[in-house]
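Readers should treat all values here as calculations from the given coordinates under stated rules, not as data from a laboratory. If you're wondering where the values come from, they're calculated on a predicted model, not measured in any experiment. All Cβ positions, even for glycine, are placed from backbone atoms using ideal geometry, and neighbour counts span all protein chains on display.
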Amino acid sequence: MQKEKIIVTDENRSDITSIYCRRLLDDMDFHTLWTFAYQMLVDNKSGLTNKMLEEQIIDYYPDLLEN
């Protein structure tokens, strides 16, 4: 007997997304997870202005902007 398929709706989207993302993470090895996190950070920072990026660097790693 085949299981009934669940249809994604506005009401269940959040729950299904959460379960799906947890499954994706569970199936990743450390290197894949690290690469994914790195790419997400790079993509996030690429949307910042130079000034915004500089401010974040100063807040967390000011030595990166030292000669």
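Give the aspartates and glutamates reachable from LYS45 as a straight Cα distance under 14 Å; neighbours fewer than 8 places away on the same chain don't count.
GLU54, GLU55
Between PHE30 and MET1, what FRET efficiency comes out of the Förster formula 1/(1 + (r/R0)^6) with R0 = 30 Å and r the beta carbon distance, rounded to 0.05?
0.20
Less than 13 Å apart at the alpha-carbon level, and either on another chain or at least 8 residues along: which aspartates and glutamates does that give for LYS5?
Qualifying aspartates and glutamates at Cα under 13 Å: none.
Working from Cα positions, state the angle (0 to 90°, nearest 10) between the long axis of helix 50-60 and the longest principal axis of the chain.
The two axes meet at around 90 degrees.
How big is the dipole moment of the chain about its Cα centre under a simple scheme where the beta carbon of each Lys and Arg is +1, that of each Asp and Glu is -1, and everything else is neutral? Debye, nearest 20, please. Could the numbers behind the result be given before it?
Values: 7 positive and 13 negative charges, 76 e Å.
The dipole magnitude comes to about 360 debye.
Considering every pair of different Cα atoms, what Kirkwood radius, in Å, is found for the chain?
15.7
For the ranges 3-14, 51-62, what's the packing order if you count other beta-carbon atoms within 10 Å of each residue, average per peptide, and put the highest first?
Result, highest mean Cβ count within 10 Å first: 51-62, 3-14.
Could you tell me which of THR32, PRO62, GLY47 has its Cα farthest along the dipole of the chain towards the positive end, charges placed at Cβ (Lys, Arg +1; Asp, Glu -1), taken about the Cα centre?
Sorting the options by dipole projection puts first THR32.
Around GLN56, with a cut-off of 15 angstrom between Cβ atoms, what is the net charge of the other residues, counting Lys and Arg +1 and Asp and Glu -1?
-3
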